[in-house]
1. Just checking, does the range 31-42 include any residue being on the phi > 0 side of the Ramachandran plot, modelled with pLDDT of 95 or more and not hydrophobic (A, V, I, L, M, F, W, C)?
2. Residues of the range 81-97 being under 15 Å from Asp52 (Cβ atoms) and surrounded by 11 or more Cβ atoms within 10 Å (Cβ to Cβ), which ones?
3. Can you report the number of residues in the range 11-35 which are buried (at least 24 other Cβ atoms within 10 Å of the Cβ), of a type in the set (A, V, I, L, M) and either in contact (Cβ under 8 Å) with a residue 24 or more places away in the chain or assigned to a strand (DSSP E or B) (or both)?
4. Do any helices (runs of 4 or more DSSP H) entirely within the range 125-240 hold 1 or more residues that are touching a helix residue (DSSP H, G or I) at 6+ places or on another chain (Cβ under 8 Å) and more than 27 Å from Lys22 (Cβ to Cβ), and if so, which?
5. So, in the range 107-164, exactly how many residues are in contact with a His (Cβ under 9 Å, 6 or more places away or on another chain) and touching a residue at least 60 places away in the same chain (Cβ under 8 Å)?
6. Quick one: is Ile64 more than 20 Å from Gly117 (Cα to Cα) and in contact with a helix residue (DSSP H, G or I) (Cβ under 8 Å, 6 or more places away or on another chain)?
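The values are calculated or read from the model by the stated rules, or taken from the named source; none is laboratory data. Keep in mind the model is a prediction, meaning the values are calculated, not measured. So basically every Cβ, Gly included, is an ideal-geometry build from the backbone, and we count neighbours across all protein chains shown.
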Amino acid sequence: MRRMTFKNKVAVITGGSQGIGKAIAEQFTALGAKVAIIDIQDNPYFVGDIADKTVLEKFAEKVIKDFGKVDFLINNAPPAMHGINDCTYEQFERALAVGVTAPFYLAKLFNGYFAEGASIINISSSRDRQSQPNTESYTAAKGGISALTHALAITLAGRVRVNSISPGWINTTETEISGVDATQQPAGRVGKPSDIAEMVMFLCSDKAGFITGENICIDGGMTKQMIYHGDFGWSYNEKK
């Protein structure tokens with residue numbers, strides 16, 4: 001089988017200095033791509049807050065000046081998680097700015113510079129389809145980016161393929177997660193950043209040339225697992 005290569009390709013990654021974003025950046029680099037990261041944390045390319053419109057414009061201007069094109073745009077930076085009990089208007093607005101507005105605006109800024117065969121990959125979450133209490137800001141942003149994915153896929157049809165990935169529990173720490181946290185997952189373990197990075201590489205490759213507008217959930221099967229009190233050892237602790 002021909003080895004995958006992204007030699008001379010340009011990959012733009014938001015939130016690329018840690019966790020899933022870092023794993024994606026490392027994979028692109030290993031496959032020969034030139035990587036342009038924007039992150040609020042320290043990184044070798046561009047430090048900035050993607051919730052700020054002016055920052056996004058300066059970042060896009062630098063990418064275009066440095067490379068002249070974009071092959072892959074990976075919208076990975078995560079919004080903050082706040083719930084209805086504690087979330088302010090400003091915090092909710094910021095979560096949407098990071099999770100939905102910035103991905104839209106970067107796609108708009110790079111629209112005239114996407115190379116032939118370009119791809120946008122939006123990192124959503126399995127929370128785009130299920131919730132825990134008091135997660136409204138994060139969940140709304142992830143639901144928004146999943147919907148933005150199919151809208152962009154249709155608008156950019158024939159020029160840019162657009163897909164999203166919805167990770168479940170991904171362990172971004174150095175500590176191994178074992179016991180019931182792992183065994184409750186149908187896959188038998190918690191996910192790793194590389195599980196997501198590998199799917200990003202596939203979706204950006206020619207092998208995925210017939211896939212666009214899709215959301216792929218990578219969660220070890222958790223969203224497919226039906227849970228009812230009293231079945232198969234599961235129990236519900238009712239709030240008092």
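1. Just the residues of the range 31-42 that are on the phi > 0 side of the Ramachandran plot, to begin with: 32.
Subset that is modelled with pLDDT of 95 or more: 32.
Subsequent filtering for residues that are not hydrophobic (A, V, I, L, M, F, W, C) retains 32.
Scanning the range 31-42 turns up at least one residue that is on the phi > 0 side of the Ramachandran plot, modelled with pLDDT of 95 or more and not hydrophobic (A, V, I, L, M, F, W, C).
2. Filtering the range 81-97 for residues under 15 Å from Asp52 (Cβ atoms) gives 90, 93-97.
Hits for the range 81-97 are Glu93, Arg94, Ala95, Leu96, Ala97.
3. 5
4. Values: elements: 136-155, 180-183, 193-204.
The helices (runs of 4 or more DSSP H) meeting that bar are 136-155.
5. Final tally of qualifying residues: 1.
6. Numbers: more than 20 Å from Gly117 (Cα to Cα): no; in contact with a helix residue (DSSP H, G or I) (Cβ under 8 Å, 6 or more places away or on another chain): yes.
No, not satisfied.
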